[in-house]
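Heads up: the structure comes next, in structure tokens.
The values are calculated or read from the model by the stated rules, or taken from the named source; none is laboratory data. Only a predicted model underlies this, so the values are computations on that prediction, with no experimental measurement involved. Note that we place each Cβ from the backbone using ideal geometry, even for glycine, and neighbour counts take in every protein chain shown. Just the protein is used for accessible areas: all its heavy atoms, side chains included, with ligands, DNA and RNA removed. Shrake-Rupley method; radii C 1.70, N 1.55, O 1.52, S 1.80 Å.
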Amino acid sequence: MAPWPEVEKPETNNYIGDSSKQNQNMAGKEGENHKGNVASLGNKGEIQPAFSTVALIDETRPEEDPWALPELQDTGVKWSELDRKGKIIRVLYGIGKFIMLLGLLYMFVCSLDILSSAFQLVGGKAAGDIFKDDSVLSNPVAGLVIGVLVTVMVQSSSTSSSIIVSMVSSTLLTVRAAIPIIMGANIGTSVTNTIVALMQAGDRNEFRRAFAGATIHDFFNWLAVFALLPIEVISGYLYHLTNVIVESFHLESGEDAPELLKVITDPFTKLIIELDKSVINAIATNDESAKNKSLVKVWCVTETNVTLQNVTIPPSENCTSPDFCWSEGNVTWTLKNITETEYISKCKHIFANSDLPDLAIGLILLALSLLVLCSCLIMIVKLLNSVLKGQVASVIKKTINTDFPFPFTWLAGYLAMLAGAGMTFVVQSSSVFTSAITPLVGIGVISIERSYPLTLGANIGTTTTAILAALASPGSTLKYSLQIALCHFFFNISGIILFYPIPYTRLPIRMSKTLGNITAQYRWFAIFYLLLCFFLLPLFVFGLSLAGWPVLLGVCLPLLALFIAVVVINVMQKRRPHSLPEKLQNWDFLPVWMHSLEPWDNIIMSSLAFCGKHCCGFCKCCKVNAEQEGAKDNQLKTMEVYENTMAMADEERGGRRAPTVACVDKTGTNNTAL
């Protein structure tokens, strides 16, 4: 193709102009231009320079970095241009938006609390039954996946930790066997913000950033477990370290741990549902009478009295002391302490007088809490988009994302870590904090690189809350609960030492960005990832662990070796492809479905289109989206001016055909093997 022609004084209007006017006048001016060109050639006697329309069409635009934080432009009237009335109205609008944001955040946190209660109603008793099998819990791999499954089922790492403390204090489980379960609970608690990230799937780039910001927590927890669980099984360093710390202090039972956020949310959530979590602990500690009890708390105010009464005993029983036993005929009497519970007042939540089973109540609350959670999140994102614009957005982004000058650039990440730990301590839940920053990452206020230390700080903050709760435990469980909380704390500290101080070791950032790119292109893959990592894979490993160590090692070791080999080959294909054999320099020798998500995407989207066409009108939504995308593309293309009328007609016909293309936007194939 010929290079771009050089003109002494090029006029911009000859190339780019008003597209609508040009379309109207193109046909009329074509003949006049032809005559004018002939006349000018005859008058000047020289050939004018040729202008290539191909160069105009093929002019490449610079590719935008999808991970770059977007500029949130202020589209409103500037403050300096407003009169006094306009300034007052804008201030009132700002105050109203701030109050609305606080209200939505309150409802968001309350919906997370009710979601946790719903999961406990649905799967709490099953979680207690899982903990009953002592032989399985002695297997560290089985203990790990049990911790993941139970925490996902009850949506609370504090609940699963309290179950573990109850089992350890009742000698059903040793502290050393409980450490892998704590590691699994650390993984399971990160499922909440991953679910929250799914709510931003409407915008491709927002979803890319939000899902990467949520799964950075998952990848850190999984990598920490893969690195530290074998070390703990071999050396037991967490057990010995925490045992030395606990034994060196003379501990006494303290007051209740502070509940900062619960003071605000409990008045509302207790009107919806209250649970008796001691039922799950009783099932886990082999209390058969707890199986028939309901998790829904009916009586909130009770009083327990212990009285000494005369009771009869069978003649076959031996009295502990002859002084307290006497016989009257064929009946033997003795003195015993009888515990009686007096029910004073019922709870005030809406299910206190309901006859529905726990499963039905749990499903109702699950649907309602997810609906409120999604609605609040969508409105929070839209409200933040309207508030965080212009100067406000630039100040917040600079405050959160800017590093210190050299040589103190490393300090900003650790300050962010402290901020994350402090905020998590205030809200008393890492799930709440990480779920709150996920939409901020999605809209571009917080970068992925800054969300990583914030998430690590949240991991530390939730363990400090557990330590305070352990210090408030009764004397019988104080030692064990504190040791388990310290194991959780030092596990997270060890993971941070491995995967944060050196920038090269910050693997979760690169892994989450890779997953974000995949899920932005194939959005169904986000749901597949969620099901695989938090349900299918733990259930698969748990089923193998029930068959014993030989079966578990015989199946998992070859799969693990294959996975590591694929990862190594992928890395070498990108960095040193010439070091590999020619056949392994790409995955083209495999079937397409094994190294690309494109065939799976075609199958899934065809199934959804067929289902939507016959069931829920999905195709109409698809066509509307396709028409909107086609209109945007058409608008961009009409900004270019063509001298060739046939090229313009082809472009217009191509734009009209755009809505009839398949609903899925395909930008390429993913060349990840397996």
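What do you reckon, how do C374, C487 stack up by accessible area (1.4 Å probe), largest on top? Walk me through the numbers on the way to the answer.
On the way: C374 35, C487 5 Å².
In descending accessible area the options line up as C374, C487.
List the pairs from K270/K336; K97/K277; K348/K382; K78/K513; K336/K479; K87/K382 whose alpha-carbon separation is above 29 Å, in the order I gave them. Walk me through the numbers before you get to the answer.
Details: K270/K336 38 Å; K97/K277 38 Å; K348/K382 35 Å; K78/K513 36 Å; K336/K479 32 Å; K87/K382 23 Å.
Those over the limit are K270/K336; K97/K277; K348/K382; K78/K513; K336/K479.
Below 15 angstrom from the Cβ of Y239, what's the summed charge of the other residues (Lys, Arg +1; Asp, Glu -1)?
On the way: positive: R176, K479; negative: E232, E247.
Net local charge, Y239 excluded: 0.
Might you tell me the accessible area per residue for the range 395-439, computed with a 1.4 Å probe and given in Å²? Please list the in-between numbers first.
Values: 2350 Å² over 45 residues.
Per-residue value: 52 Å².
Would you mind putting 547-557, 455-465 in packing order, based on average other-beta-carbon counts within 10 Å, highest first? Can you show the working numbers first?
Working: 547-557: 12.7, 455-465: 25.7.
In descending order of packing, they fall as 455-465, 547-557.
At q = 0.11, 0.12 Å⁻¹, what base-10 log of I(q)/I(0) does the Debye formula yield for the range 548-610 when every alpha carbon is treated as an equal point scatterer in vacuo?
Taken in order of the listed q values, log10 I(q)/I(0) reads -0.44, -0.51.
Between the range 563-577 and the range 264-291, how many Å separate their Cα centres?
If we compute the Cα centre of each part, the gap is 49 Å.
Leaving ligands, DNA and RNA out of it, report the carbon-plus-sulfur percent of the accessible area of the range 513-600 at a 1.4 Å probe.
Solvent-exposed carbon and sulfur of the range 513-600 make up 76 percent of the total.
Compute the accessible area per residue over the range 166-227, keeping the other protein chains in place, probe 1.4 Å, unit Å².
23
Find the accessible area per residue for the range 548-610; the probe is 1.4 Å, ligands and nucleic acids are left out, and the unit is Å².
Working: 4490 Å² over 63 residues.
With all protein chains present, the range 548-610 gives 71 Å² per residue.
Output the peptides 526-533, 426-433, 138-145 sorted from most to least packed, where packing is the average of other Cβ atoms within 10 Å over each peptide's residues. Display every interim value, and only then the final one.
Working: 526-533: 16.5, 426-433: 23.8, 138-145: 21.8.
Ranking, from highest mean packing down: 426-433, 138-145, 526-533.
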